[in-house]
Amino acid sequence: MSHQVTRDIDGWVNCFAVDGVMEWPFRLQGIPPRLEGREAIRGAVAPVWDRARQAKRRISGHEHVAFHETTDPEVAIVEFDLVGDTARGPFRQAAVYLLRVRDGRVLLLREFVDTAALSELFQAE
């Protein structure tokens, strides 16, 4: 499954509850471990998306997507590969999301990413 992906920061951030939380248990240096609230999430994510756009890093889709139900109806786990292109060629970024959703809004997104691959992408810029 591959398709063009847009970087709509407003649409993405609005998926979160006003007091939603984003966490990175494994992260690159300089990335905060936890952000609380839509505006904090926007403030941290927007510059990264801008940097990717300036570096001409293009996301083309998500592959190997697997959804896992849990015993808690508000919690789901999603595994996927983010795929795209850079000036150096194609990239693949493995990720696992743990999501807590209530009333159609994300209360918690805990993002587990392949930090070695992510670091390599940032070094390519």
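At pLDDT 85 or above, under 19 Å from Ala116 (Cα atoms) and in contact with a Lys or Arg (Cβ under 6 Å, 6 or more places away or on another chain) - does that describe any residue in region 22-33?
Looking through region 22-33, at least one residue is at pLDDT 85 or above, under 19 Å from Ala116 (Cα atoms) and in contact with a Lys or Arg (Cβ under 6 Å, 6 or more places away or on another chain).
Of the conditions (1) surrounded by fewer than 16 Cβ atoms within 10 Å (Cβ to Cβ); (2) closer than 24 Å to Ala116 by Cα; (3) out of contact with any Leu (no Cβ under 6 Å at 6 or more places or on another chain); (4) free of Cβ contacts under 8 Å to residues at least 40 places away in the same chain, Ile77 clears all except one; give me its number.
The single condition Ile77 does not satisfy is (3).
Pairs, please: C-beta under 7 Å, at least 6 apart or cross-chain, first residue part of a helix (DSSP H, G or I) and in region 23-39, second modelled with pLDDT of 85 or more?
Arg38/Val13; Arg38/Phe16; Arg38/Val18; Arg38/Gly20
Confirm whether Ala52 is closer than 16 Å to Met22 by Cα and not in a strand (DSSP E or B).
No; evaluated as a whole, the condition is false for this residue.
Can you confirm whether region 55-64 contains a residue that is surrounded by 12 or more Cβ atoms within 10 Å (Cβ to Cβ), within 15 Å of the chain's Cα centre (by Cα), over 27 Å from Pro90 (Cβ atoms) and of a type in the set (Lys, Arg)?
No, there is no match, as no residue in region 55-64 is surrounded by 12 or more Cβ atoms within 10 Å (Cβ to Cβ), within 15 Å of the chain's Cα centre (by Cα), over 27 Å from Pro90 (Cβ atoms) and of a type in the set (Lys, Arg).
Return only the number of the condition from (1) surrounded by 13 or more Cβ atoms within 10 Å (Cβ to Cβ); (2) modelled with pLDDT of 90 or more that Val45 does not satisfy.
Status for Val45: all satisfied but (2).
If I filter region 80-115 down to residues being modelled with pLDDT of 95 or more, crowded, with 17+ Cβ neighbours inside 10 Å and among the β-branched types (Val, Ile, Thr), which single residue comes out as farthest from Ala55 (Cα to Cα)?
Among residues in region 80-115 that are modelled with pLDDT of 95 or more, crowded, with 17+ Cβ neighbours inside 10 Å and among the β-branched types (Val, Ile, Thr), the one farthest from Ala55 (Cα to Cα) is Val101.
The values are calculated or read from the model by the stated rules, or taken from the named source; none is laboratory data. This is a predicted model, so every value here is computed, not measured. Here Cβ is always computed from backbone atoms with ideal geometry, including for glycine, and neighbour counts include all displayed protein chains.
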